[in-house]
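What follows is a set of notes on a single structure, which appears directly below.
Where a number appears in this text, it was derived from the coordinates with a stated rule and is not lab data. Please read all numbers here as calculations on a predicted model, not as lab measurements. Backbone-built Cβ (ideal geometry, glycine too); neighbour counts: all protein chains shown.
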Amino acid sequence: MTDASMDSVPVKGTLTTVDARTKKRNAAEKRFKAYGIVAILIGLFFLVVLAVSILRSGIPAFTQAEMQLEFVLTQEEFDAAESQVLKTKAYENIFITKLQDALTEKGLTVAFDAAAIERLLGKPGSTIREFYRANPDQIGQPVTFSLPASSRVDGYFKGRVSRDTVVDSRFFEASDLDLVDALADAGIIVRNFNWNFITGSDSGVDHPGGAGIGVSVIGSFFMMLVVLALSLPIGVAASIYLEEFAPQNWFTDLIEVNISNLAAVPSIVFGILGLAVFIQFMHLPQSAPLVGGLVLTLMTLPTIIISTRASLKAVPPSIREAALGVGASKMQTVFHHVLPLAAPGILTGTIIGLAQALGETAPLLLIGMVGFIARAYPEGVVSGFIDPNSAMPAQIYTWAARADAGFYEKAWGGIIILLIFLLTMNIIAIILRRRFERRW
Amino acid sequence: MPLLWLILLVLAIAAGVFIFARARVLAQSGQDRRTLHSLPNYYGSNAAMKSAIPALLVLVIWLIAQPLYVNTSVSGMIPDTAIAESSSRSLVLAEVRRTAEGLDLAIATGNMTEDEARNMRADISDVTQRLSDAGAIVTSQVTQPVLRAAQQFRVLNATGYQIMTAVVLLIAIAGGLWGVRETRPEFRARNVVEQGICVLLIAAASIAILTTLGIVLSLVFNTIEFFRLYPASEFFFGTSWAPSFSGRGGASDLGILPLLWGTFYISIVALIVAVPIGLFSAIYLSEYASPKVRAFAKPMLEVLAGIPTIVYGLFALLTVGPLLVSVFGDDGLGWMQAGTAVMTAGLVMGIMLIPFVSSLSDDIINAVPQAMRDGSYGLGATQSETIRQVVLPAALPGIVGAILLAASRAIGETMIVVLGAGAAARLSLNPFDAMTTVTAKIVSQLTGDSDFASPEALVAFALGMTLFVITLGLNIFALYIVRKYREQYE
C-alpha cells in the first residue's frame with residue numbers, strides 16, 4: 001500500500017472514541033439488518049392476513065340460517081292438497097297457515113303474505129310435498145321441517161346484509177327484515193351447523209344456501225386415487241432406472257432434461273395436453289375424474305421423481321456393496337435393500353406431490369371439470385371414475401366466479417376444507433419423515 | 001364394465017401360470033432345490049410376465065387404435081352433402097357418437113332390442129321417438145346418414161371389442177404356455193425376469209419424454225390448424241383482442257400483444273413485490289438469523305408456497321381488490337375503477353413468489369464458500385459490507401437465475417390472474433386498470449361452448465404454444481446460469 005492512501009483517513013478513532021466514519025458504517029450495518037427483519041416480517045404479515053381473511057370469511061359458511069317449524073299434517077289436509085291443481089302451492093299455503101298458528105301461539109303477530117315467505121325460503125311447498133309422499137306414515141304425526149333460508153336472510157344473520165344496505169328487489173324487501181326479526185325472536189329462524197355444506201352438491205346459480213362441497217370432495221378423491229395409483233409406481237420405477245441403472249448416454253440425458261423442464265412447465269399447459277390428447281384424440285369422457293387424474297399424474301410425476309431420486313441417493317453405497325458382496329444381483333440389491341430403506345422418503349415426496357395435485361385448478365377447468373357439473377354423487381366405483389364430476393378447487397373457482405355474494409362465503413368455506421385436507425397430508429408427511437427417515 | 005373384467009381375467013391367467021410354472025420347476029428339481037439356476041419364484045414370475053405384459057400391451061394399443069379406425073371408417077360413410085352449411089365433419093361425428101350412445105341406452109332401458117338397433121331399414125322418426133323415450137339426448141331429428149353411421153359405429157365397435165377380447169386372452173394364454181414350456185431347472189429365469197423389469201423401468205422413465213412429445217405435438221398441430229384459419233402475422237402483431245362469440249358470427253380480432261403486455265406487466269409488478277422481500281429475507285435468514293429464528297421463519301415463509309393458487313386468486317378477488325379500491329378507487333384517489341386490476345393480481349402473485357425467491361436465493365447464498373466471508377472480515381469489513389461487496393456479487397448469477405425462474409412461474413400462473421386481473425384486454429400503462437393475460441385467455445377460450453374447430457377455440461393452442469416457448473426459454477436460460485455458477489465453487 002502507498003502512503004497516499006493512508007492520508008485519506010485524517011482522524012483516527014480509538015477503541016473508546018468512535019469516529020464519524022465508523023459510526024456511519026455501523027449505522028449502515030444496523031439498517032441493512034433491519035431491512036432483512038422487515039422483509040421477513042412483511043412475509044409473515046401476509047401469511048397472517050391470508051389466514052385471518054380465510055378464517056373470518058370462511059367460517060360463516062359452516063352455519064346456515066334455517067327456518068324450523070314443527071307441525072302436524074292431517075290426512076284431510078293431505079288429501080285436500082293432493083286434489084288441487086297447483087299441489088306445491090297448496091302445500092305452501094298449509095305451511096303459511098301453520099306458521100301463522102305457531103306465531104300466534106307465541107303471542108307474536110306479524111303480517112306477511114305468501115310472496116314474503118317465498119322471498120325468505122324459496123318455495124317450501126315442494127319439499128313438504130315430497131316428504132309426505134315419500135313418508136305417508138308421518139301424516140298425522142308431528143314433524144319438524146328445517147328449511148334453509150334464502151341467501152339474503154342468511155346474510156342478514158351473518159352481518160353481510162344490514163338494514164342500511166338492503167336494496168328492495170323481487171328477491172328481498174326491507175320490510176322482510178321485520179318478519180325475519182320476529183321469526184328469530186320466536187325461535188323459528190335459527191342458525192344451525194350447515195351439514196349440507198360439507199356433504200351436499202353444487203346448487204343453482206341463485207341459490208347459494210343449498211350449495212355444498214361434498215360431491216366435489218368425492219371427485220377430488222377419485223382423482224387422487226388415479227394419481228396415486230399411476231404416479232407412485234411410474235415415478236418410483238423411473239427414479240430407480242435413472243438413479244441405479246441408467247448408463248451415461250444421450251438417452252439418459254434426454255430423460256433428465258425432459259424431467260427438469262416438465263417440472264417448470266405451467267400447469268395450464270398440462271390442461272391443454274389433457275384436452276388435446278385424452279379428450280380430442282383418445283375420446284375419453286369429458287369432465288371425468290379419470291382424465292383429471294391422468295393430467296395431474298403427468299403434472300406430479302416430475303415432483304415425485306425428483307424427491308424419490310433424492311431419497312435413493314441418500315441410501316449409502318455401503319448398503320449396496322454389502323448386498324452385492326453376499327451375492328445379490330443388481331436388481332435384488334435395489335428391490336430388497338435400497339428401496340425399503342428409501343421408502344419413507346419416497347412416501348413423503350409422494351404425499352407432498354399429491355397435496356400439490358389436490359390444490360391444482362387450471363388444468364381441470366380445461367378438461368371440463370367445472371363446479372356446476374358436481375350435481376350428484378357417483379353411483380359406484382366405476383361411475384366415480386368416469387362420470388362427470390368436479391374437484392374441490394374447481395368448485396371453489398366456480399363459486400368465486402358467480403355473482404351472488406352468498407357464494408363468496410361458500411368459496412372461502414371450501415378453501416377451509418381444502419386447506420384442512422392439505423394440512424393433514426403435509427402433517428402426515430412430516431410425521432413420516434420424522435419417524436422413519438434414517439440419517440446415515 | 002367388461003374391460004375391467006378382461007384385465008382381471010388376464011391377471012388371473014398370469015397368476016395361474018405363475019403357480020403352475022413354480023410348481024413345475026419344483027417338481028422337476030425333485031427335492032433338491034440346489035439344482036435350480038434361480039429361486040423358484042423367478043420361474044413363476046418369468047411365465048407370469050410373458051403372459052400378462054404382452055397381453056396388456058396389446059390391450060392398451062388396441063384401445064387407442066380402435067376409436068381412430070372406427071372414426072375414419074364411419075367418417076367415410078357420411079357424404080359431404082349430409083354435412084350442413086354451418087356444421088363441420090367433426091360435429092357430425094360427435095352427433096353420430098351421441099346417437100350410438102343413445103341406441104345403447106335405449107337397449108339398456110328396454111326401449112329397443114338389439115336387432116332393432118341394428119336394423120338398417122329402421123324408420124327414422126320411430127327411432128328418434130324411442131331414443132328420447134329412453135332418455136337419450138338427441139338434439140334434432142336424427143338424419144338418415146347419421147343413423148346409418150351410428151349403427152355402423154356400434155357394429156364396428158362391438159365386433160372390435162369382441163376381437164380384442166379374443167386376441168388379448170389368446171396372447172395371455174399363449175405367452176403363459178411359452179413361459180411354462182421354458183421352465184426347466186437349468187433355465188436362467190432370474191436373468192430373464194430382471195431384463196424384463198429393466199425394460200419396464202426404462203418404459204416408466206420414457207414417460208417424461210412422451211409427455212413432452214405430447215405437449216409439443218398437441219400444441220403444434222392445433223397451432224398450425226389455427227394459422228390456417230387466421231393469419232399468423234395478425235396474431236403476433238395485432239394490437240386488439242376481441243374474439244367474437246361462436247354462433248354470433250362476425251370476424252374476431254385475435255392479436256396477442258395486449259395479452260402479452262398484460263402478462264408482462266403483472267409479472268413485473270409481482271417481481272417488484274417478491275424480489276426485494278424474498279432477497280432480504282434470504283439474506284437475513286442465511287447470514288444473520290439465529291438457528292431458532294431460522295427454524296421458525298423459514299418454514300413459515302414456505303407455507304406461502306404450499307398454498308394452492310386458487311386460494312390466492314380468491315384472496316385477490318375478495319380481499320386485496322376491495323382493499324385497493326377503497327384506497328385508490330373513486331372514494332380515494334380515483335385511479336381505480338374495479339377491484340380486478342394489474343395491481344391486485346401483481347401484488348398477490350408477488351406474495352406467492354416470496355418463498356420461491358427466498359428459498360432459492362437462500363440455497364445460493366449458503367453455497368458461497370465461508371472462506372470468502374472470512375477473508376472479507378479479516379480485512380475489517382462489517383457483516384453488511386461483506387454481504388454487499390463479497391457474498392452478493394459471488395451469488396449474483398444464481399440469484400438472477402432464481403429471479404428468472406420466479407418470472408417464468410409468474411408468466412405461467414393462471415388462477416390468480418383469472419380471478420384478480422379482470423377480463424379486458426387492453427394496452428395501458430395504468431397499473432390500476434384491469435388487464436388480462438395469456439393464461440387467463442386460454443382458460444376463457446377453452447371453457448366456453450365454442451366448437452373446437454373455430455379459430456376462437458384454436459387460438460388457445462397458439463397462446464399455449466407462445467406460453468410454453470417463453471417459459472421454456474426462461475427456464476433453460478435460468479438453469480444454464482445457475483449451473484454455470486455452481487460449477488465455480490465445486
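Sorting A:V180, A:V38 from the fewest to the most surrounding beta carbons within 10 angstrom yields A:V38, A:V180. Shielding by partners for peptide B:170-176, expressed as the average number of C-beta atoms from other protein chains within 10 Å of each residue's C-beta, is 0.
Report the relative contact order of the range A:310-361, percent, no decimals, based on alpha-carbon pairs under 8 angstrom and at least 6 residues apart.
Once divided by the residue count of the range A:310-361, the mean separation gives 41 percent.
Annotation: for a label point projected 7 angstrom from Cα along Cα→Cβ of B:A94, residues of the range A:281-316 with backbone N closer than 17 Å are A:281-288.
According to the Kirkwood expression over distinct Cα-Cα pairs, how big is the hydrodynamic radius of the protein assembly as shown, in Å? For the protein assembly as shown, inverting the mean 1/r across all distinct Cα pairs yields 32.5 Å.
For the residues of A:358-366, the average number of beta carbons from a partner chain within 10 Å of their own beta carbon is 6. Of the peptides A:365-374, B:368-377, B:52-61, the order by per-residue mean of other Cβ atoms within 10 Å, starting with the highest, comes out as A:365-374, B:52-61, B:368-377. Across A:D206, A:D387, A:D253, mean-square fluctuation computed from a Gaussian network of chain A (C-alpha pairs under 10 Å connected) peaks at A:D253. Working from Cα pairs under 8 Å separated by at least six residues, relative contact order for chain B is 16 percent.
Mind checking which lysines have their Cα closer than 26 Å to the Cα of A:K313? Skip sequence neighbours fewer than 8 apart in that chain. By straight Cα distance, A:K313 reaches A:K330, B:K298, B:K484. Other protein chain C-beta atoms within 10 Å of residue C-beta, averaged over B:316-324: 3.
Peptides B:306-317, A:309-320 ranked from most to least packed by the mean count of surrounding Cβ atoms within 10 Å: B:306-317, A:309-320. You can think of it this way: the chain between A:R434 and A:T16 has 145.4 nm of extra reach, that is 0.36 nm per residue less the Cα-Cα gap.
A simple count of charges around A:L242, restricted to other residues whose Cβ falls under 13 Å of its Cβ and scoring Lys, Arg +1 and Asp, Glu -1, yields -2.
Would you mind ranking B:L333, A:L324, A:L179 by Cβ crowding within 10 Å, fewest neighbours first?
B:L333, A:L324, A:L179
With a cut-off of 15 Å between beta carbons, the residues surrounding A:G406 carry a summed charge of +1, where Lys and Arg count +1 and Asp and Glu -1. Within chain B, the selection of entire DSSP H helices by a Cα span of 30 Å or greater along the long axis and an average Kyte-Doolittle value of at least 1.0 returns B:2-28, B:189-229, B:257-283, B:342-367.
Which one of A:E77, A:E29, A:E379 has the biggest mean-square fluctuation once chain A is modelled by GNM with Cα springs under 10 Å? Between A:E77, A:E29, A:E379, it is A:E29 that shows the largest mean-square fluctuation. Counting other Cβ atoms within 10 Å as a rough exposure proxy, the listed residues B:V390, B:V325, A:V257 run A:V257, B:V390, B:V325 from fewest neighbours to most.
In chain A, the longest principal axis of the Cα atoms and the axis of helix A:176-185 are about 90 degrees apart. Label-to-label distance, A:V190 versus A:Q141, with points set 7 angstrom from Cα along the beta-carbon direction: 2.0 nm. Length gained on full extension, A:L41 to A:V257: 74.0 nm, using 0.36 nm per residue less the C-alpha separation.
Other residues whose C-beta falls under 13 angstrom from the C-beta of A:K330 contribute a net charge of -2, scoring Lys and Arg +1 and Asp and Glu -1.
Think of it as helices only: each DSSP H run of n ≥ 4 in chain A is worth -39500 (n - 2.57), and spread over all residues that comes to -19500 deg cm²/dmol at 222 nm. For chain A, modelled as a GNM whose springs connect Cα atoms under 10 angstrom apart, the maximal fluctuation among A:A264, A:A405, A:A27 occurs at A:A27. For chain A, averaging the sequence separation of C-alpha pairs within contact (under 8 Å, six or more residues apart) and dividing by the residue count gives a relative contact order of 19 percent. Restricting attention to the range A:62-193, the count of lysine pairs at 8 or more positions apart or across chains with alpha carbons under 16 Å apart stands at 5.
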